[in-house]
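Structure first, commentary second.
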């Protein structure tokens, strides 16, 4: 069993239940676990001097669409809101291929890892009629190649334009196909054990792109198999108008009617909940993935995160799809979230450290994981480290807990460690030729856009 000692850290922000910050302390990693923490010295196969570094738990990204990495910065959609934005981009996305999924996932996950993310959940729901049967398998290949802790979803859409939905008919599937592939992926990839590197979630896309039958049957299958449930909800006022007109209910009431509430469910965005709905979320421990940059870019609104936290609603942080971000940097998301809520809520806004907790422990709770999200003996060895002896950090080191939000990091992290393995070192991916990787992914992007 290999071992790694992180020695004499300037500060270890544990994000544990006691909110401890350890100064001049060490972390011993044996295999894929943290086995010792403190000021005692330990023998190890490898030693990393952390005397000029802040050490943090790995970030947990709880909502993404990696395939969208290849439709970033398109001028045609820069001033559109969600429904029109989707209608335009679906006409591009209907052409995605296994090659597109593989290389867009490589691009997005690499970016996440270089910025301190150690666990990523991806919500993939676009399955063209041709050659899409193994899209999720391709994502697991990428995750294993790069060494990320990966939670995939079997997303889905059943309502196309002809049935009152938004997507083109060429990317909707029938109920039986979706459920069969959902079961296949769970049986093949889902590992519920502590320290798992691969898990599966069932994630019908949204109220305006799937049928009630799919929502009900997905919930039944997920609970029979012991996996979690995810969908978009309460993202825009247009969505609210859609569910009121089509179902006679607000979005959350519609979800409740389909048995889509509970501690095994979380929603992306969750912007437009009223007071009664907020109380229901708190009562049922239904979670929310907060996506501030996407919410701002698409002019969707500002989620009521300060109130969610005070009410005990589970909240995690997410970058959302790369086409509405336009990146995969959870550290940037953390800082933007801090500034957005300061502007909106002043003294009632989450502190910088509160946002770090959302991005670590909060994300772990959303995913139903007790083995990640903080730096403690016995937990998975997922963390990142940042040098603070650079010129950009001079005069900023008073509060390591809030540093990532109040000051922010404008460069890649120095180390990312996932499952006890160094996957980013000195800001570069370990085991990859980044220049070649960028060239290969750019070539895949160009093939996709030219077809």
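So here's what we get for this one:
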| item | result |
| --- | --- |
| Residue count for segment 362-393, restricted to those that are under 17 Å from residue 32 (Cα atoms), surrounded by fewer than 23 Cβ atoms within 10 Å (Cβ to Cβ) and within 16 Å of the chain's Cα centre (by Cα) | 1 |
| Condition check for residue 177: closer than 27 Å to residue 220 by Cα and either in a helix (DSSP H, G or I) or modelled with pLDDT of 95 or more (or both) | yes |
| Any chance residue 193 is under 21 Å from residue 270 (Cβ atoms), under 24 Å from the mean Cα position of the chain (by Cα) and assigned by TED's automatic domain parsing to the domain that holds residue 159 | no |
| Failed item in (1) in contact with a strand residue (DSSP E or B) (Cβ under 6 Å, 6 or more places away or on another chain); (2) more than 27 Å from residue 370 (Cα to Cα); (3) not in a loop (DSSP other than H, G, I, E, B), with residue 69 passing the rest | (1) |
| Scope segment 195-216; condition surrounded by fewer than 19 Cβ atoms within 10 Å (Cβ to Cβ) and not in a loop (DSSP other than H, G, I, E, B); matching residues | 198, 212, 213, 216 |
| Segments classed as helices (runs of 4 or more DSSP H), wholly inside segment 228-285, with at least 3 members that are in contact with a strand residue (DSSP E or B) (Cβ under 8 Å, 6 or more places away or on another chain) and in the same structural domain as residue 64 (by TED's automatic domain parsing) | 251-257 |
| Breaking point among (1) in contact (Cβ under 8 Å) with a residue 40 or more places away in the chain; (2) not assigned by TED's automatic domain parsing to the domain that holds residue 393, for residue 75 | (1) |
| Matching residues in segment 333-353 - criterion: being in a helix (DSSP H, G or I) and touching a helix residue (DSSP H, G or I) at 6+ places or on another chain (Cβ under 7 Å) | 333, 334, 335, 336, 337, 338, 340, 341, 345, 348, 352 |
| Condition check for residue 435: farther than 18 Å from residue 332 by Cα and outside the structural domain of residue 46 (by TED's automatic domain parsing) | yes |
| Residues that are within 18 Å of residue 249 (Cα to Cα) and in contact with a helix residue (DSSP H, G or I) (Cβ under 6 Å, 6 or more places away or on another chain), drawn from segment 215-233 | 233 |
| Evaluation of residue 359 against (1) in a helix (DSSP H, G or I); (2) touching a helix residue (DSSP H, G or I) at 6+ places or on another chain (Cβ under 6 Å); (3) surrounded by fewer than 21 Cβ atoms within 10 Å (Cβ to Cβ) (one fails), failing number | (3) |
| Positions within segment 5-21 being surrounded by fewer than 20 Cβ atoms within 10 Å (Cβ to Cβ) and farther than 17 Å from residue 361 by Cα, in sequence order | 7, 8 |
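The values are calculated or read from the model by the stated rules, or taken from the named source; none is laboratory data. Here the structure is a predicted model, which means the values were calculated and not measured. Positions of Cβ are backbone-derived with ideal geometry, glycine not excepted, and every protein chain shown enters the neighbour counts.
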